[in-house]
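To start, the structure under review is shown below, and the notes come after it.
The values are calculated or read from the model by the stated rules, or taken from the named source; none is laboratory data. Since the structure is predicted, the reported quantities are computational estimates derived from the model, not experimental observations. No Cβ is skipped: glycine too gets one built from the backbone with ideal geometry, and neighbour counts run over all protein chains shown.
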């Protein structure tokens with residue numbers, strides 16, 4: 001088997017419900033090594049739940065999630081360590097620690113999980129700031145002093161600080177203006193390629209999906225209803241994909257509106 005055909009992540013028969021309400025209804029999904037998969041879908045379709053299950057922070061009710069052939073859905077200590085030891089995450093709201101400086105946020109895992117010296121960790125943090133286009137002096141600032149775009153870049157710097165093999169992105173452009181969103185998209189593409197990492201992103205931002213994806217999968221009512229390359233979305237042949245991609249109110253996807 002060629003390297004390009006190797007699966008880094010494989011999901012089979014994944015189910016998750018909350019208080020008997022089904023959210024994931026049998027997800028099958030593969031992500032090849034070194035490839036970027038973007039999962040699109042509307043609010044409440046299960047994107048975040050899928051990401052949390054793949055990340056290992058949420059236990060599925062049923063199914064298999066294999067990373068390098070290990071079923072992390074079992075949630076054993078060894079499986080969790082295998083997953084967290086090679087994973088970086090960019091959170092939707094940046095999720096920076098207000099009480100720590102920027103460089104300490106970036107180096108948090110290096111210091112507290114990998115037991116690096118503060119000097120070594122700071123040097124790595126400053127290097128990561130440079131990789132996302134921020135000056136060394138930004139490392140001494142507090143998160144509250146940063147704009148939304150700068151916070152996203154710092155969060156990306158933190159995600160790549162441990163040179164992860166897998167990167168997860170949760171709505172990476174939410175809350176950003178179109179220009180800054182494109183800056184973040186470009187940085188994601190650059191850093192994923194530089195690391196040779198496997199990436200999984202969830203978003204409803206179609207410009208972002210087109211920019212950062214090698215492949216796109218659409219999640220609807222807890223199931224993957226379409227998968228293909230970004231350029232194939234315009235002629236997917238799936239009316240639900242077509243409606244979502246073009247943002248049309250009319251179509252097979254009906255939004256429930258509460259009337260007063």
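Looking at residue 129, is it free of Cβ contacts under 8 Å to residues at least 60 places away in the same chain and farther than 22 Å from residue 174 by Cα? Spell out the reasoning first.
Values: free of Cβ contacts under 8 Å to residues at least 60 places away in the same chain: yes; farther than 22 Å from residue 174 by Cα: no.
So residue 129 does not fit the description; no.
Filtering region 196-205 to residues that are at pLDDT 90 or above and either farther than 16 Å from residue 34 by Cα or over 15 Å from the mean Cα position of the chain (by Cα) (or both) leaves 196, 202, 203.
Within region 17-36, track down each residue that is part of a strand (DSSP E or B) and either buried (at least 22 other Cβ atoms within 10 Å of the Cβ) or under 17 Å from the mean Cα position of the chain (by Cα) (or both). The answer is 24, 27, 29, 30, 31, 32, 36. Of all residues in region 210-225, exactly one satisfies the criterion of being under 12 Å from residue 181 (Cβ atoms) and crowded, with 24+ Cβ neighbours inside 10 Å, namely 212.
Mind listing just one residue for me: the one in region 99-143 that is under 21 Å from residue 185 (Cα atoms) and surrounded by fewer than 16 Cβ atoms within 10 Å (Cβ to Cβ) and, of those, farthest from the chain's Cα centre (by Cα)? Out of the qualifying residues, it is 135.
One line per residue, one yes/no per condition, for (1) surrounded by 17 or more Cβ atoms within 10 Å (Cβ to Cβ); (2) assigned to a loop (DSSP other than H, G, I, E, B); (3) on the phi > 0 side of the Ramachandran plot; (4) modelled with pLDDT under 90:
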site: 38; (1), (2), (3), (4): yes, no, no, no
site: 44; (1), (2), (3), (4): no, yes, yes, yes
site: 51; (1), (2), (3), (4): yes, no, no, no
site: 57; (1), (2), (3), (4): no, yes, no, yes
site: 63; (1), (2), (3), (4): yes, no, yes, no
site: 73; (1), (2), (3), (4): yes, no, no, yes
site: 78; (1), (2), (3), (4): no, no, no, yes
site: 83; (1), (2), (3), (4): yes, no, no, yes
site: 88; (1), (2), (3), (4): yes, no, no, no
